[in-house]
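Got a structure for you, questions after.
The values are calculated or read from the model by the stated rules, or taken from the named source; none is laboratory data. Everything quoted here is computed from the prediction, not taken from an experiment. Backbone-built Cβ (ideal geometry, glycine too); neighbour counts: all protein chains shown. What goes into the accessible areas is simple: the full protein's heavy atoms, side chains included, and nothing from ligands, DNA or RNA. Shrake-Rupley method; radii C 1.70, N 1.55, O 1.52, S 1.80 Å.
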Amino acid sequence: MCKSKQIKDNFAAAEAAKYQNPVPSREFILDYLESSLGPLTHSEICIGLNLQDERQIEAMRRRLKAMERDGQLASNRRGGYGTLDRLNLIKGRVTGHPEGYGFVSSLRGNSEDIYLSNSQMRRVFDGDIVLVRISGWDRRGRPEGSLVDIIERNTKQLVGRYFRGSGIDFVRPDNPRISQDILIAGDAPCPAKPGQIVVVDITEPPTRNSLPVGHISEVLGEHLDPGIEIEIAIRNYAIPFTWPDTVRAESDAIPTE
């Protein structure tokens, strides 16, 4: 269980003020698990913290799940929770490479980038937040990671060129850091013609065994149209390009000279 239970919850008063059935704060739980001899299950945590009320036990279950979802904790195969350091996990941001592999940069900035193979990168996009475990070292001596969980998917929309062939519609992203083609769902009429530059909304993220799926929400034009690079850049870098009516009215009122 836990080596020491003499940990003070400095946030207990704040928890009691917010919840009718308060449970230990996230900070306390992290300290508690850090001092444990190993990962603890939900039941073991409740016993160790003397949580007996059913409502508190359920609240603790939800809190642990929320902390796991936010990347503060991780669980092993037996359902035991532990801090990322105790479970040898690293939380970081994915950076893709045009050749299909990628890297994970720790959000803490306390470790070198971790190499992700092409097969690992099939499940994620450039910019996603993930949990990885170092599984070995590549031929260049770099730490190589294995994906444990995807905490946050940050790609909701992409710009690319639309293709159609052999009954399959797909968009090839303009962003060179994203190597997966986006399959276009066939349940709606496609507004684009093959070869045009389009905006695709991601409806299903990539997995180990399947490509991402999306639908075309906007047609920007032909790939050689004047100014198309500007339209692509605006969307690739999420630059605002629509404005409230009041702003447009004020700008229209400005004289041209």
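So, in nm, how far is label residue 237 from label residue 152 when the simple model puts each one 7 Å beyond its Cα toward the Cβ?
According to this spin-label approximation, the distance is 2.2 nm.
Contour minus end-to-end for residue 208 and residue 18, with contour as 0.36 nm per residue of separation and end-to-end as the Cα-Cα distance?
64.3 nm
Still on this structure: Charges on Cβ only, +1 for Lys and Arg, -1 for Asp and Glu, centred on the Cα centroid of the chain; of 213, 47, 23, which one is farthest towards the dipole's positive end?
47
Along Cα→Cβ, 7 Å out, is where each label goes; now give me the distance between the ones at residue 172 and residue 35 in nm to one decimal.
Roughly 5.9 nm, to one decimal.
Okay, helix-only estimate at 222 nm for the chain: each DSSP H run of n ≥ 4 adds -39500 (n - 2.57), divide by all residues, round to 500 deg cm²/dmol; what do you get? Don't skip to the end; give the middle numbers.
On the way: 7 runs with 60 residues, N = 257.
When only DSSP H runs of four or more count, the value is -6500 deg cm²/dmol.
What stretch of the chain, leaving out the sites themselves, is the longest with no trypsin sites (Lys or Arg not before Pro) in a DSSP loop having at most 12 other Cβ atoms within 10 Å?
That gives 9-76 as the longest site-free run.
Can you find, among 255, 163, 101, the residue sitting farthest towards the positive end of the charge dipole of the chain, where Lys and Arg contribute +1 and Asp and Glu -1 at Cβ?
Positive-most Cα among the choices belongs to 101.
While we're looking at this one, here's another question. Could you tell me what percent of the accessible area of region 148-252 is made up of carbon and sulfur, with a 1.4 Å probe and every protein chain present?
So the carbon and sulfur contribution to the accessible surface is 53 percent.
Would you mind telling me which residue in 23, 104, 130 has the biggest mean-square fluctuation in a Gaussian network model of the chain, where springs connect alpha carbons within a distance under 10 angstrom?
23
With all protein chains present, calculate the accessible area of residue 219 using a 1.4 Å probe and round the result to the nearest 10 Å².
Number for this one is 60 Å².
Using the beta-carbon distance between residue 250 and residue 95 and R0 = 30 Å, what value does 1/(1 + (r/R0)^6) give for FRET efficiency, to the nearest 0.05? Please list the in-between numbers first.
Working: r = 40 Å, r/R0 = 1.34.
Once the sixth-power term is evaluated, E becomes 0.15.
Determine ³J(HN,Hα), in whole Hz, for all residues of region 47-59 in sequence, where each value follows from phi through the Karplus function 6.51 cos²θ - 1.76 cosθ + 1.60 and θ = phi - 60°; x replaces Gly and Pro.
Couplings: 5, x, 9, 6, 8, 10, 5, 4, 5, 5, 4, 5, 5 Hz.
To the nearest 20 debye, what charge dipole does the chain have about its Cα centre, counting +1 at the Cβ of each Lys and Arg and -1 at the Cβ of each Asp and Glu?
Here the size comes out at about 1340 debye.
So for the pair residue 105, residue 142, with labels modelled 7 Å out along Cα→Cβ, what separation do we get in nm?
Those two pseudo-labels are separated by 1.3 nm.
Quick one: Karplus J couplings for region 170-183, per residue in order, coefficients 6.51, -1.76, 1.60, θ = phi - 60°, nearest Hz, x for Gly and Pro?
Once θ is set to phi - 60°, the couplings for region 170-183 become 8, 10, 9, x, 6, 5, x, 7, 10, 9, 7, 6, 9, 6 Hz.
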